[in-house]
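Below: the structure, in structure tokens.
The values are calculated or read from the model by the stated rules, or taken from the named source; none is laboratory data. Please read all numbers here as calculations on a predicted model, not as lab measurements. Backbone-built Cβ (ideal geometry, glycine too); neighbour counts: all protein chains shown. The protein model used for the area step is the full one, side chains on, heavy atoms only, and it has no ligands, DNA or RNA in it. Shrake-Rupley method; radii C 1.70, N 1.55, O 1.52, S 1.80 Å.
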Amino acid sequence: MRVLIADDQEMLRELFDAMLSRDGVAVSLADCLEAALAIVEDNAAFDLILLDYNMPGMNGVDGIRRTLEQGKGAPVALMSGNLPQHIVHDALQAGAVGFLPKKLPPKSYLEAIRAMAAGQTVNLLDDRPSDTASVPPASGGQVLTSREALVLKHLATGKPAAEIAAELDLKSVTVNFVVKTLCRKFDVATADDAVAHARKAGLL
């Protein structure tokens with residue numbers, strides 16, 4: 001898994017780097033939004049981009065929107081020492097896949113980061129994970145993240161996971177994670193079943 005973390009506090013960046021690297025996560029670091037976007041431009045798509053709300057260049061929720069536009073399809077999450085609920089809500093409405101307070105035990109960060117990279121939305125301000133997504137629900141009631149919707153669209157053409165991963169500039173394991181998440185959401189056993197369900201639900 002590849003994660004980009006942008007925060008203007010050097011000590012926090014180093015902490016994240018050490019913590020996630022120990023867990024086998026490849027970490028890239030930036031100290032402001034512009035540096036983060038430059039890293040995105042120069043690299044293959046990340047599995048998750050985690051942004052500090054108060055770092056230089058963010059300009060509030062606009063920084064999330066910019067990152068989503070330029071992020072090559074990567075999910076984008078927000079972190080901060082303390083934010084009002086309405087700002088977290090605005091961030092999720094703008095397309096963020098989650099919010100992490102900075103004062104969390106390391107295990108909680110690892111679990112939340114893996115969940116968001118796999119397609120879940122996590123709002124730890126409420127201390128509960130959810131599957132609230134950035135794509136509106138269709139007639140079947142399911143909601144999908146932008147990455148889930150993109151993978152589903154490619155699955156519908158009959159492409160295998162390896163080919164989808166190559167076309168979307170993702171790792172095969174990431175695509176397989178997303179397929180498993182789709183199967184769980186749709187309560188089906190296979191990728192073909194997920195596509196059939198999505199067609200019936202109006203998601204394709």
Output for the range 13-51, where each listed residue is β-branched (Val, Ile, Thr), touching an Asp or Glu at 6+ places or on another chain (Cβ under 9 Å) and open to solvent by 30 Å² or more (accessible area, probe 1.4 Å): Val27
Helices (runs of 4 or more DSSP H) enclosed by the range 93-174 - at least 2 residues per element that are at pLDDT below 80: 106-117, 146-155
Filtered residue count, the range 1-45, keeping only those that are assigned to a helix (DSSP H, G or I), of a type in the set (Gly, Ala, Ser) and within 17 Å of Ala74 (Cβ to Cβ): 3
